[in-house]
1. Rounded to the nearest 0.05, what FRET efficiency do E116 and S166 give with R0 = 30 Å and r taken as the Cβ-Cβ distance? Could you check?
2. Give me the percent of the accessible area of region 81-242 that comes from carbon and sulfur atoms, probe 1.4 Å, all protein chains in place.
3. Compute the orientation-averaged projected area for region 81-242 from the convex hull of its Cα atoms and round it to one decimal in nm².
4. Excluding K206 itself, calculate the net charge of residues whose Cβ lies under 12 Å from the Cβ of K206, where each Lys or Arg counts +1 and each Asp or Glu counts -1.
5. Choose one of W167, S231, L188: the residue whose Cα lies farthest towards the positive end of the charge dipole of region 163-250 (beta-carbon charges +1 Lys, Arg; -1 Asp, Glu; about the Cα centre).
6. Leaving out ligands and nucleic acids, note down the accessible area per residue over region 94-250 with a 1.4 angstrom probe, in whole Å².
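The values are calculated or read from the model by the stated rules, or taken from the named source; none is laboratory data. Just so it is clear, the model here is predicted, and its values are computed rather than measured. Here Cβ is always computed from backbone atoms with ideal geometry, including for glycine, and neighbour counts include all displayed protein chains. These area figures cover heavy atoms from the full protein model, side chains too; ligands, DNA and RNA do not enter into them. Shrake-Rupley method; radii C 1.70, N 1.55, O 1.52, S 1.80 Å.
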Amino acid sequence: MPLDDDAYMGARGALPIPDDTTVGDLDQEPETGEQYMLRVRLESQSAPRVTIDRDRDMLIQKSAKKNIAQPPTEELEPVPEFARPSPEWLDAFAVYFRRQRKIFVAQLQSAAVPGEFKLPDNGSPKEWRNMCYSAVNNGANSNTMMHALASMNQVTVVRLIRFFISWISADSLRRAEGVWLWYLLLKLDELLDHSDIHLLRELCRKLRGIRMLIALNPQKSVLPHRGDEISALNILIASVSRGYNQRDLD
């Protein structure tokens, strides 16, 4: 799939899904990860108007069992119904995310990283930014992302997520940003401390803010590429809220 440095996230697809991917037989399980992501996107766009009550105490107990810090629930502005996924979608995505994390971690462990490959210096956001955006927007460097992710430890992953929070604009999500965040969230270790959880929640709030701006502007939200962008944002938000048990941020 061709990539464009100036293209916004939704302009060419929410996450990297080949143009020839089809939804397949909806009565059967998806045959590939790309087919599943395509179904996720389409279902998100047609999410039913359903809300559920959450038992906060039960969620905190589940969080404790997973050793994931659970900060106090925040009062968040409700997202318009058409822009948020259904509870059923979120539950299915939680299962999918766990499975994809295992698959991706195994892929990274078997990745053959060239001996001459080096990550940018830790204190150089500009070098990191150049590498990250060019790795997605330049097809010739498609292996750069896999090599970089395979070379990162937990500290580096957290640092890069922090960089992306500062790089993302307040009103849109670019393709490179969405792709990197998806794989960084898969790479991130499930056992996090309070500062890591705080960082993920900061990321999630920024993504929610972009989603809200799109949803509250009907002239833009009805455009196909903005609808695609909402789907991408929902995927990343759910990766935090369901992948790391921060369900109050759904």
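1. Step by step, r from the Cβ atoms, then E = 0.55.
2. Exposed carbon and sulfur together represent 53 percent of the surface.
3. 10.1
4. +2
5. Farthest along the dipole direction, towards plus: S231.
6. That works out to 42 Å² per residue.
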